[in-house]
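Notes follow once the structure below has been shown.
The values are calculated or read from the model by the stated rules, or taken from the named source; none is laboratory data. Given the structure is predicted, the values throughout are model-derived calculations rather than measurements. Cβ coordinates were reconstructed from backbone atoms using ideal geometry, including for glycine residues, and neighbour counts include every protein chain displayed. Heads up: the accessible areas ignore ligands, DNA and RNA and are worked out on the full protein's heavy atoms, side chains in. Shrake-Rupley method; radii C 1.70, N 1.55, O 1.52, S 1.80 Å.
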Amino acid sequence: MAYSEKVIDHYENPRNVGAMDKDAQEVGTGMVGAPACGDVMKLQIKVGDDGIIEDAKFKTYGCGSAIASSSLLTEWVKGKSLDEVQEIKNTDIAEELELPPVKVHCSVLAEDAIKAAIADYQSKQ
Amino acid sequence: MSNVKTPIYMDYSSTTPTDQRVADKMAEFLTVDTAFGNPASSSHVFGWNADVAVKNARQQVADLINADPREIVWTSGATEANNLAIKGAAHFNTRKGKHIVTSKTEHKAVLDTCRQLEREGFEVTYLDPMDNGLIDLEVLKAALRDDTTVVSIMHVNNEIGVIQDIAAIGEICRERKIVFHVDAAQSTGKCPIDLEELKVDLMSMCAHKTYGPKGIGALFVRRKPRVRIEAQIHGGGHERGMRSGTLATHQIVGMGECFRIAKEEMATENDRLLMLRNRLYDGFKDMEEVYVNGDLEQRVAGNLNISFNFVEGESLMMSLKDIAVSSGSACTSASLEPSYVLRALGRNDELAHSSLRFTLGRFTTVEDVDYAIKQTRAAVEKLRDLSPLWDMYNDGIDLDTVEWTAH
Ligand SMILES: Cc1ncc(COP(=O)(O)O)c(C=O)c1O
């Protein structure tokens, strides 16, 4: 399969790889997918007192498009409010990365992951 | 690493390059100053020359498998040979019954043919292999019934390279007078095959896995005891009515020549391939959480199918930019399902998603293997650093106990 240059760039130089303390009150963690399906995304956000996302980290098991989708999303959410982030749609990710139809589920997974991270953060407040 | 020529081809089970010696021979049967004639043209020298070449190739193919040249029926490849064998024998024997036995790890050319027969009212039993990929002979015996007419079991599996015990299966089938078909697409030139000894009734072959051209194959149809099949392609009555169509002289010559070379070079080639395969495996053995898929002993020399747990196969291949391999990962298949062969071994789906198939061949070098080891190790390391599953594994979490949000 041919990948877009943007997917290759994120795959080769993934942004914001890492992990934060999932028990910290200011950290929200979302983990979605399943190993049996071939992709698992873990996305974490750290939210400041002002409700702005200060930092984001990810780890992903999956194909190049899944890795790129999560890497891109961590870039996008930093510096945004939770409300702004809720607006990000999987189609935005798919469009930016020029994902072919068979890879659109990777962007769906990324949207699910950020939503789960926000929900986790909110449940701690 | 200096003298490695990239990209490196390590996908010989998918297809092989045509050997230069074969290509040279083929060129003698195409253009105007060559023996381009129709081998069926019995009235002039153009036809006679082509006919001699076809006869010679038929002998060469028969020689590799110790058969009679009259037992060789040319087809367009192993897919067509499988169709002709299974449909042909099933249809011919409907008075005895309509039950067929095969296995879950067969090539699609067998499985889909069986599916078609099911649609036509036949009943098919798909055997589960053991965890090592081999058929349990007791399970096979238990599946046979009075109305079983055909058993179809491959010789060498295309994904995991395991070699089935076709000698034993042949005995079981012959005793019960059941037609035994073997898909040998992956075994010609890799395993010795002696059809005087083996109780195989029908056997599919092709040239392009044995350093010959694509688009040509053959079906062995036993004469003693005589096996009868119904033709699937009708026309001018070529190949004793079993497969009509003008013979593709250049392709047939190519298949003959590549089988001749295979017979001569198989033993030394296998020694070399085994050395390379062991070297490749040795390069991964000390890594954590790597698993070989399929039996390592009952296996052709050039195949290493291996899973790097917690790393997804397609992303791994993306890192191996200048090495051509294949993966059982779902992402590499149109169906978005992981390899049905690995799943049939009882491997969990994760390990199927994490698998890579390296298949080495005639033009693989030690330098290629060393390069592949280095690149693969680096890629696995990089991707494990990215993998949440690897973190969980290192934290001692049993992934089977986690509740995943499957999608
Ligand atoms: C085991 C097996 N059977 C059948 C085939 C189909 O062969 P062909 O490509 O000659 O139709 C292949 C190769 O793709 C194979 O590996």
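For chain A, the relative contact order works out to 31 percent when only alpha carbon pairs closer than 8 Å and six or more residues apart are counted. The orientation-averaged projection of the convex hull spanning the C-alpha atoms of the range B:26-70 amounts to 3.3 square nanometres.
Around the amide H of B:THR405, modelled in the peptide plane, lie the amide H atoms of A:GLY33, all under 5 Å away and 5 or more residues distant in sequence or on another chain.
Per residue, the average separation of C-alpha pairs within less than 8 Å and at least 6 apart gives chain B a relative contact order of 22 percent.
3J(HN,Hα) along the range B:20-29, derived from phi through the Karplus expression 6.51 cos²θ - 1.76 cosθ + 1.60 where θ = phi - 60°, amounts to 4, 4, 6, 4, 4, 5, 4, 5, 7, 9 Hz, with x in place of Gly and Pro. Proximity of backbone amide H atoms, modeled 1.01 Å from N, is registered between B:ILE233 and B:SER244 at under 5 Å, excluding neighbours fewer than 5 places apart on the same chain. With contacts taken as Cα pairs under 8 Å and at least 6 residues apart, the range B:1-118 reaches a relative contact order of 12 percent. For the chain pair A and B, buried accessible area totals roughly 2500 Å², probe 1.4 Å, rounded to the nearest 100. Close amide H pairs (under 5 Å, H built 1.01 Å from N) link B:SER152 with B:VAL101, B:THR102, B:HIS181, residues at least 5 positions away or on another chain.
In this structure chain B gives 42 Å² per residue of accessible area when probed at 1.4 Å with all protein chains present. Stokes-Einstein D for the range B:186-297 at 10 °C, 1.306 mPa s, Kirkwood Rh over Cα pairs, in µm²/s? Rounded, D is 93 µm²/s.
What shape does the range B:9-124 take by its C-alpha gyration tensor, where a ≥ b ≥ c are the square roots of the eigenvalues and a/c under 1.5 counts as rounded, a/b above b/c as prolate, and the rest as oblate? It comes out prolate by the Cα gyration axes.
Across peptide B:224-230, the mean count of Cβ atoms from other chains lying within 10 Å of each residue's own Cβ comes to 0. Quotient of the Cα radius of gyration of the range B:251-403 and 2.2 N^0.38 Å, N being its number of residues: 1.16. For the pair B:VAL45 and B:GLU138, label points projected 7 Å from Cα toward Cβ lie 6.7 nm apart. Computed from the C-alpha gyration tensor, the three semi-axes of the ellipsoid equivalent to chain B are 38, 28, 17 Å, from longest to shortest. Projected onto planes of every orientation and averaged, the convex hull of the alpha-carbon atoms in the range A:1-49 covers 5.1 nm². Between the range B:242-309 and the range B:10-37, the C-alpha centres lie 20 angstrom from each other. Counting only heavy atoms of the protein chains and using a 1.4 Å probe, A:GLU96 has close to 70 Å² of accessible surface. Only helices enter this figure: runs of n ≥ 4 DSSP H residues, each worth -39500 (n - 2.57), summed and divided by the residues of chain A, yield -13500 deg cm²/dmol at 222 nm to the nearest 500. For the protein assembly as shown, carbon and sulfur atoms together expose 49% of the accessible surface, with a 1.4 angstrom probe and every protein chain in place.
Listed values for the range B:60-72 are Karplus-derived 3J(HN,Hα) couplings in whole Hz (6.51 cos²θ - 1.76 cosθ + 1.60, θ = phi - 60°), namely 5, 5, 4, 4, 5, 10, 6, 10, 8, x, 6, 9, 9, and x replaces Gly and Pro. The Cα atoms of the range B:133-186 give a gyration tensor whose axes a ≥ b ≥ c have a/c of 1.5 or more with a/b greater than b/c, which makes the shape prolate. The sum of -39500 (n - 2.57) across all DSSP H runs of n ≥ 4, divided by the residue count of chain B, sets its helix-only mean residue ellipticity at 222 nm to -11500 deg cm²/dmol. In summary, the protein assembly as shown shows an alpha-carbon radius of gyration equal to 1.13 times the 2.2 N^0.38 Å reference for compact globular proteins. In the calculated pair-distance distribution of the range A:1-112, the portion above 20 angstrom amounts to 36 percent of the Cα-Cα pairs. The simple Förster model, with R0 at 45 Å and r as the Cβ-Cβ distance, assigns A:ASP50 and B:THR401 a FRET efficiency of 0.70. Each residue of the range B:87-92 was assigned a 3J(HN,Hα) from its phi angle through the Karplus curve 6.51 cos²θ - 1.76 cosθ + 1.60 (θ = phi - 60°); the sequence is 5, x, 6, 4, 5, 5 Hz, with glycine and proline shown as x. Pairwise Cα separations in the range B:136-239 fall into 5 Å bins from 0 onward with the following percentages, short to long: 2, 11, 21, 22, 19, 14, 7, 3, 0.
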